[in-house]
Every structure is written in C-alpha cells, then in structure tokens.
C-alpha cells in the first residue's frame, strides 16, 4: 500500500521527458525527478534555460529547506515548461552562498511543499543503491535470453535472491553486524569459500587425490 495517497514516479534526469510525465498523469501518477540544466522554463513569460535563469538568482531569493539530514538553499519556480503548462522547478544549492553548481528538480504535483518534493526524491537514493547491487553482484543486467517469459523469470529469480538477502540481513543484523546488502553478499561468499576449504580438507584427510577433488568440485584442471 502506498505511503502517500498519490503515487509518485521518482526518476533521474534521463527520464523526465514530456512523454513520460504526460503518460504518468494520464494514469493518475505524478513525477518527481532531476532535470538537465538546459530544460526550458518561462519566468515572467521569458523563455530561458534553468541554468541561465539560475545565474540571476540572489541568495536573498532562496529559502533554506531541510530534507532528511541535509539543508538546501532553494529557489522555487512554478509555471510553464516546454512539456507542461504548469509544474514546479526547484533550483537547489547545498552552500548558503550559492557558490556550488545548483541541482534542478521537477515535480508535476504543484501542491507539494518544497520540503516534501526534496524528501520524496531522497528515497531515490535507496533505489539506486538496490539496482547497483542487482547489477554488480546479482547479475541483473547479464541475462542472455530473448523471450519475455524467460526475462520475467530471470528477473523474478534475481529479485527473490535480493529479498532473501535483505530478510537475512535484517534477522542477523546485530549478531553478524550486517549493515548493508553488500555486507550480506560478502558474508555468503566467505561462507562459500569456507565450505570449499572444509571439503578440500576432508578429502585430503581421507586420502582423496587432487584430480578427484577437482572433479568433485566440477572444476577444470
């Protein structure tokens, strides 16, 4: 069940396209995401890029906004963009003197406060981290099947594995000091190496020759 009454799509700058946002709105969803610095807005009816517009913003025109543990200095624009008649654009700096490069955020839900938009988007970091583990550690991007059914089965196996690792991490967090999914994957990899070492030791104790051990492990000499 959604935490909010409205469903929000959290996307990065590659996916905040007009086509996606309009399709989401047609399904009753809103989009919150990063946008590129060349995105066009119309402050006061004047066409300009968000990056160009940001150079004219003074510190006094921004408001400090806290989201999670972080504070940003934000200018809020609400109005027309190239893809939509009305949206919220947040121009955000992390330094109070606005000396760093700003980040640009978009929300199609203009009823949200600035703090809510930033807080909702921060959840995307957890999504990015989970996909990193899916791809780098669980082979999510390495399937070599073509049919949609096979792809769905492969994805299901990967997500089931991820779910198992997370459930194990939560249940053993204190006893094994597992803070992240990466810690859990490392734990099982070490256990696998330990099991191989135990197997090799047992074979050696029983006088099993090396070729037989390699064969039993399914390895090529």
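The values are calculated or read from the model by the stated rules, or taken from the named source; none is laboratory data. None of these values were measured; they are calculated from a predicted model. Cβ coordinates were reconstructed from backbone atoms using ideal geometry, including for glycine residues, and neighbour counts include every protein chain displayed.
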Item to check | Scope the range 172-187; condition under 24 Å from the mean Cα position of the chain (by Cα) and surrounded by 11 or more Cβ atoms within 10 Å (Cβ to Cβ); matching residues | outcome: 173, 178, 180, 181, 182, 183, 184, 185, 186, 187
Checklist outcome for this item: The condition from (1) over 22 Å from the mean Cα position of the chain (by Cα); (2) in a loop (DSSP other than H, G, I, E, B); (3) at pLDDT 90 or above; (4) under 20 Å from residue 16 (Cβ atoms) that residue 83 misses is numbered (3)
Next on the checklist: Suppose we filter the range 66-84 for residues that are out of contact with any strand residue (DSSP E or B) (no Cβ under 9 Å at 6 or more places or on another chain) and crowded, with 19+ Cβ neighbours inside 10 Å; how many remain?
Outcome noted: 0
Item to check | Residue count, the range 50-65 (criterion: surrounded by fewer than 15 Cβ atoms within 10 Å (Cβ to Cβ) and either under 12 Å from residue 90 (Cα atoms) or touching a strand residue (DSSP E or B) at 6+ places or on another chain (Cβ under 8 Å) (or both)) | outcome: 4
Checklist entry - Taking the range 200-221 as the search range and keeping residues that are surrounded by 10 or more Cβ atoms within 10 Å (Cβ to Cβ) and under 28 Å from residue 158 (Cα atoms), which one is nearest to the chain's Cα centre (by Cα)? => result 217
Next on the checklist: Report every pair of residues separated by at least 6 positions or lying on different chains whose Cβ atoms are under 6 Å apart, first residue within the range 119-145 and assigned by TED's automatic domain parsing to the domain that holds residue 65, second surrounded by fewer than 12 Cβ atoms within 10 Å (Cβ to Cβ) and assigned to a helix (DSSP H, G or I).
Outcome noted: none
Next on the checklist: For the range 110-117, check the following and say yes or no: at least one residue is surrounded by 14 or more Cβ atoms within 10 Å (Cβ to Cβ), farther than 16 Å from residue 36 by Cα, in the same structural domain as residue 46 (by TED's automatic domain parsing) and free of Cβ contacts under 8 Å to residues at least 12 places away in the same chain.
Outcome noted: yes
